[in-house]
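K.L.:
Once you've had a glance at the structure underneath, I'll fire off some questions.
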């Protein structure tokens, strides 16, 4: 099989980050947690944002992200 020069394979996972402060911190918390285990992270796409309410007050911001990272296995070996 011929392989294209510079070809890559990426994996995607979805994570939910939370924060009592705001959505930006919720996104950062998800990325920071993933960064402890993953290498070659490329793009974090915010898929959904919501809040948890208690007695009509926001108590938690939640951000669901789709995170891509480069696969360490060469495509031709898959």
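Derivation of every value follows stated rules applied to the coordinates shown; laboratory data play no part. What you see is a predicted model, and the numbers here were worked out from it, not measured in a lab. Ideal geometry is used to build each Cβ from the backbone, glycine not excepted, and the neighbour counts take in all protein chains shown.
K.L.:
Which of the peptides 36-42, 24-30, 66-72, 46-52 is most tightly packed, and how do the rest follow, judged by the mean count of other Cβ atoms within 10 Å per residue? Could the numbers behind the result be given before it?
P.N.:
On the way: 36-42: 10.1, 24-30: 18.9, 66-72: 14.6, 46-52: 12.6.
Descending mean neighbour count gives 24-30, 66-72, 46-52, 36-42.
K.L.:
Let me ask another. For the residue pair residue 9 and residue 24, what label-to-label distance in nm results when each label sits 7 Å from Cα along the Cα-to-beta-carbon direction?
P.N.:
3.8 nm
K.L.:
Which value in nm describes the separation of the simple spin-label points at residue 38 and residue 68, placed 7 Å from the Cα toward the beta carbon?
P.N.:
Taking the two extended label points, one gets 1.2 nm.
K.L.:
Below 8 Å between Cα atoms, with a sequence gap of 6+, how large is the relative contact order for segment 11-71 in percent?
P.N.:
Values: 128 pairs, mean separation 28.4, N = 61.
Once divided by the residue count of segment 11-71, the mean separation gives 47 percent.
K.L.:
Also: Under the √(5λ) rule applied to the eigenvalues of the Cα gyration tensor, what semi-axes describe the equivalent ellipsoid of segment 11-71? Give them in Å, descending. Write out the running numbers ahead of the final one.
P.N.:
Values: eigenvalues 124, 21, 10 Å².
Semi-axes, largest first: 25, 10, 7 Å.
K.L.:
Given 0.36 nm per residue, what is the gain on full extension from residue 16 to residue 58 after removing their alpha carbon distance, in nm?
P.N.:
Values: separation 42, 0.36 × 42 = 15.12 nm, distance 1.69 nm.
Answer, rounded to one decimal: 13.4 nm.
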